[in-house]
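Here's the structure, in structure tokens; my notes come after.
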Amino acid sequence: MTRLRRSRDAGQAFPIYITVVAGLLFLAFAYLAVGQAAATRSEAQTAADAAALAAAQNLREQLAGEWLENVLDPTSWQGIFEGDLELFEDPCERAGQLAAQNDAHVDDCQEDGPLGYRVAVTTDEPVGDTIVPGTENRHARAFASAVVERRCNFELPGEEAGDDILPSLDCEGEQWDPDPEAPDTLPDPEDLFDVHLAD
């Protein structure tokens, strides 16, 4: 009688055991699906950040180049520092290159004010097969904005100073006295402008 009861108890426990194991496996696969989705979203955000920064850095290079070309015309400096120039290269092209390097592509890239860019990207690879239906074809999308900020201020010299006197640049405490004849007195793009992701 005791053996029969033990056998019956074991027989009743087995389906419960199977149910518990199946539930644990389902939870494990669900967590895996969430993890895959989170990883894909993270990859998309990384690509978006890189693309937006690339566009802003390209803009910075063009602004700095324009300043160098007009270094002898201080009256044009203010407009350049404010982003008032005709670009010879589209910074969004550089954004597309950086997105591609991060396994994504740019869906949209637009100016965000005179000194910034906002970018939307989508991952090239989907989340993949998971226990959640539909993820095998679902791609992650992310947005990012980056801005260029001027680091330098200056004051135009008075008329009595003469046309050959160039203003000094105060770049967040670092002083530059530009002299086209002395390249080491000319600031680099990162000295003139800062680039960072917008909040």
| remark: Of (1) of a type in the set (D, E, K, R); (2) outside any strand (DSSP E or B); (3) at pLDDT 95 or above, residue 194 satisfies every one except (2)
| task | Would you be able to tell me the number of residues in the stretch 101-120 that are under 19 Å from residue 42 (Cα atoms) and without any contact (Cβ under 8 Å) to a residue 24 or more places away in the chain? | result | 2
| query | Out of the stretch 68-93, which residues are touching a residue at least 40 places away in the same chain (Cβ under 8 Å) and either over 19 Å from residue 188 (Cα atoms) or in contact with a His (Cβ under 9 Å, 6 or more places away or on another chain) (or both)? | reply | 75
| query | For the stretch 57-82, how many residues meet the condition of being in contact with a helix residue (DSSP H, G or I) (Cβ under 7 Å, 6 or more places away or on another chain) and of a type outside the set (D, E, K, R)? | reply | 8
| said: With the structure loaded, tell me whether residue 126 is surrounded by 15 or more Cβ atoms within 10 Å (Cβ to Cβ), at pLDDT 90 or above and assigned to a loop (DSSP other than H, G, I, E, B) or whether it fails that test. | reply: no
| task | Return the total of residues in the stretch 166-191 being of a type in the set (D, E, K, R) and in a helix (DSSP H, G or I). | result | 3
| message | Among (1) out of contact with any Phe, Trp or Tyr (no Cβ under 8 Å at 6 or more places or on another chain); (2) modelled with pLDDT of 95 or more; (3) surrounded by 15 or more Cβ atoms within 10 Å (Cβ to Cβ), there is one condition residue 150 misses while meeting the rest; what is its number? | response | (1)
| request: Answer yes or no as to whether residue 73 is at pLDDT below 90 and loosely packed, with under 13 Cβ neighbours inside 10 Å. | output: no
| query | Does residue 119 satisfy being at pLDDT below 90 and among the hydrophobic types (A, V, I, L, M, F, W, C)? | reply | no
| What residue, among those in the stretch 96-111 that are among the aliphatic types (A, V, I, L, M) and buried (at least 17 other Cβ atoms within 10 Å of the Cβ), is farthest from residue 123 (Cα to Cα)? | 98
| request: State which residue is farthest from the chain's Cα centre (by Cα) when the search covers only the stretch 61-99 and only residues that are of a type outside the set (A, V, I, L, M) and within 16 Å of residue 118 (Cβ to Cβ). | output: 83
| field | Failed item in (1) modelled with pLDDT under 95; (2) surrounded by fewer than 21 Cβ atoms within 10 Å (Cβ to Cβ), with residue 93 passing the rest | value | (1)
| task | Output the residues belonging to the stretch 100-115 that are small (Gly, Ala, Ser) and out of contact with any Asp or Glu (no Cβ under 9 Å at 6 or more places or on another chain). | result | 113
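The values are calculated or read from the model by the stated rules, or taken from the named source; none is laboratory data. All values reported here derive from a predicted model rather than from experimental measurement. Quick reminder, even Gly has a Cβ in these numbers, built from the backbone with ideal geometry, and neighbours come from all protein chains shown.
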